[in-house]
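Right, one structure below, let's go through it.
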Amino acid sequence: MALRRLQDRPRILEIAYVATLAALRLFRNRLNPEGVVQKVFVPGERVTKGLIFDCKMCGDCVLHNTGMTCPMTCPKNLRNGPCGGVRLNGNCEIVPDMQCVWVAAWERSQKMPRFGSGIHEVLAPTDRRLENTSSWINDISPDVTKRPIGWAE
Amino acid sequence: MKSGSRLERVLRSGHFAVTAELLSPDSADPPAVLDHARVIGDSCDAINATDASGATTHMSNVAVAALLRRAGYDAVVQLACRDRNRIAMQGDLLGIAALDVRNVLCLTGDGVATGDHPEAKPVFDMDSITLLRTARILRDKVQFLSGRPLTSPPRLFLGGASNPFVPPFDFRPLRLKKKIEAGADFIQTQYCFDVPRLRKFMERVVDMGLHERAFILVGVGPLRSARVAYWMRENIPGVVVPDSVIRRLLGAGKRSRTEGKRICIELIQQIEEIPGISGVHVMAYRQEHLVPEILDEAGLLPRPNPVTFKGSPAPSVDIVDSRQC
Ligand code: SF4
């Protein structure tokens, strides 16, 4: 799929990410996570991010921390780096024909000047309540608590 | 001292530590655990109780560790994210400490497909790194992830795993750093059969000063035959056995078991020489009886008695202790 290949241009995706966030912020007041906009945004996000990233709609998007590679496509849903089972050819322990998501994530993160170092951040466990909601809206909504209270430093 | 466990005391006193893995029984009988423990118990500082390793069901990790503690052994309980969500995990962390088990190894766990119940639902609510941080929050911030306070924190020595022998190689030392930042006080690695690769990895680790922030124990184990070595390499995720090792076992013919033991002893001796390494973790699957001989011939017996041992504390202690949540 042609759009998938965009993933190998993480620099472009980084710029797209910043632009999307900036654009969405302009409409912040109208983008209420409870509102009808979800109905439009969810399918929109599912289609676009689905095509590019094989997005799983976790609603708790961390793509910029994971080399613009969706960590939810890792069969173990790992968000903080590769497991110890990666095969010597760089493929996944569980799906032998697939490149390990984290091998790709690591390579791509090295090409990301702005968010590349985000891969070293210790990310919180996924908020499972957000599944199938729009991460675009969640990202700019301060009341969506994406982190457990105890996690805060 | 985070936990006061025997393993922690041995490591902090600067001794080269030894841990060993116990085969969890397919049985509800305590002697099934204790008979195995007797074979390896006096040769190591702590025994690892696995958590359905290879996604294959056995007696539970916590029960095995509790039985070991009751019999006077120090235990490292392995806790994998594969089978439990964050609610169960935090309950386990408290329960483990309540049963006087003081060392926890936080793991992601193998996929369910490798085990005897490939049709099971894999949980993976957390990953090894979020589990480590969660355990540290319980211990140091005296609260649950939800923010609800604890009346008494679990005194635990927290461990993480590392596999320097699989890709992405240049990320592996950085991932180790991430584990330490998440909360790891000690590290146990996957089986090492490739010393040059380990040396390279440790060079980076030492450059970054990570060996001063966590104690690193390298995994070793005797291979029974070339056939077993080949099987392990093909079937156990993350185990890398170089061709040179398999050739050596093949060359030994009928005496491959002795050769496997010799390889293991040589590995231990080479590993001991590498700067930054604090101990070895012996995994002698179905060859537990060899563990005392191997460690004796490697010069690591008898184990220090933590009640009487002297020796200056490792310089790392203060650095580790000042790192709070
Ligand atoms: S090998 Fe890579 S993609 Fe597969 S489970 Fe492990 S980290 Fe995930």
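Every read-out reported here was derived from the displayed coordinates using simple, explicitly stated rules and does not represent laboratory data. Everything numeric in this text was worked out from a predicted model, so none of it was measured. No Cβ is skipped: glycine too gets one built from the backbone with ideal geometry, and neighbour counts run over all protein chains shown.
The residues B:Ile137, A:Ile149, when put in order of fewest to most other Cβ atoms within 10 Å, stand as A:Ile149, B:Ile137.
DSSP beta bridges fully contained in segment B:6-297 are about 5 percent antiparallel. How high is the FRET efficiency between A:Lys56 and B:Ser27 when r is their beta carbon distance and R₀ equals 30 Å, given to the nearest 0.05? Calculated value: 0.15.
Phi angles across segment A:112-117 convert, under the Karplus curve 6.51 cos²θ - 1.76 cosθ + 1.60 with θ = phi - 60°, into 3J(HN,Hα) values of 10, x, 8, 10, x, 6 Hz, Gly and Pro given as x. Taking a ≥ b ≥ c as the square roots of the eigenvalues of the Cα gyration tensor, chain B is classed as rounded, since a/c falls below 1.5. Candidates A:Ser141, B:Ile187, B:Val104 compared by Cα position along the dipole of the protein assembly as shown: farthest toward the positive end lies A:Ser141, with charges placed on Cβ. As a length-normalised measure over Cα pairs under 8 Å and 6 or more apart, the relative contact order of segment A:59-114 settles at 38 percent. Against the main long axis of the alpha-carbon atoms of chain A, helix A:37-53 sits at an angle near 20°. One equal scatterer on each Cα of segment B:97-174, no solvent, Debye formula: the resulting log10 I(q)/I(0) at q = 0.12, 0.14, 0.15, 0.17 Å⁻¹ is -0.49, -0.64, -0.72, -0.86.
Between the helical axis of B:30-41 and the longest alpha-carbon principal axis of chain B there is an angle of about 70 degrees.
The mean sequence separation of alpha-carbon pairs under 8 Å and at least six residues apart, normalised by the residue count of segment B:6-297, gives a relative contact order of 18 percent. In order along segment B:78-85, the phi-based Karplus estimate (6.51 cos²θ - 1.76 cosθ + 1.60, θ = phi - 60°) of 3J(HN,Hα) comes to 8, 10, 9, 6, 4, 10, 9, 8 Hz; Gly and Pro are listed as x. I need the shape label for segment B:1-95. Rule: rounded when a/c is under 1.5, else prolate if a/b > b/c, else oblate, with a, b, c from the alpha carbon gyration tensor. Verdict is oblate for segment B:1-95. How many percent of DSSP beta bridges within the protein assembly as shown run antiparallel, rounded to 5? Taking every DSSP beta bridge within the protein assembly as shown, about 5 percent pair in antiparallel fashion. A simple rule links phi to the HN-Hα coupling: the Karplus curve 6.51 cos²θ - 1.76 cosθ + 1.60 with θ = phi - 60°, which for segment B:121-133 gives 7, x, 8, 6, 5, 10, 10, 4, 6, 5, 5, 4, 5 Hz, with x for Gly and Pro. For segment B:6-297, the Cβ-based charge dipole about the Cα centre amounts to some 460 debye (Lys, Arg positive; Asp, Glu negative; other atoms uncharged). In summary, the convex hull built on the alpha carbon positions of segment A:2-140 has an orientation-averaged projected area of 8.5 nm². For the pair A:Ser117 and A:Leu3, what calculated FRET efficiency results from E = 1/(1 + (r/R0)^6), where r is the Cβ-Cβ distance and R0 = 35 Å, to the nearest 0.05? Efficiency at R0 = 35 Å is approximately 0.85.
Tell me, what is the FRET efficiency for A:Leu21 and B:Ala113 to the nearest 0.05, using R0 = 35 angstrom and their Cβ-Cβ distance as r? Once the sixth-power term is evaluated, E becomes 0.40. Given the options B:Val228, B:Val104, B:Val245, state which has the largest fluctuation in a GNM of chain B using a 10 Å cut-off (strictly under) for Cα springs. Its mean-square fluctuation being the largest, the pick is B:Val228.
Converting the Cα gyration tensor eigenvalues of segment B:1-57 into ellipsoid dimensions via √(5λ) gives semi-axes, longest first, of 25, 13, 10 Å. Taking a ≥ b ≥ c as the square roots of the eigenvalues of the Cα gyration tensor, segment A:76-129 is oblate, since a/c reaches 1.5 or more and a/b is not larger than b/c. Database remark: amide H of B:Val77 closer than 5 angstrom to the amide H of B:Ala49, B:Asn103, B:Val104, B:Leu105 (H placed geometrically; neighbours at sequence offset of 5 or more, or on other chains; Pro and chain starts carry no H).
Cross-link pairs exceeding 27 Å between alpha carbons, from the set B:Lys200/B:Lys254; A:Lys56/B:Lys121; A:Lys111/B:Lys178; A:Lys56/B:Lys200; A:Lys39/B:Lys178: B:Lys200/B:Lys254; A:Lys56/B:Lys200; A:Lys39/B:Lys178.
Against the main long axis of the alpha-carbon atoms of chain A, helix A:10-26 sits at an angle near 10°.
A Cβ-based charge dipole, computed about the Cα centre of the protein assembly as shown with Lys and Arg at +1 and Asp and Glu at -1, lands at about 980 debye.
Counting beta carbons within 10 Å around each of B:Thr151, B:Thr56, B:Thr19 and listing the fewest first gives the order B:Thr151, B:Thr56, B:Thr19. Over all directions, the projected convex hull of the C-alpha atoms in the protein assembly as shown averages 23.3 nm² in area.
Annotation: amide H of B:His281 within the under-5 Å range of B:Thr19, B:Val218, B:Gly219, B:Val220, sequence separation 5 or more or interchain, hydrogens built in the peptide plane.
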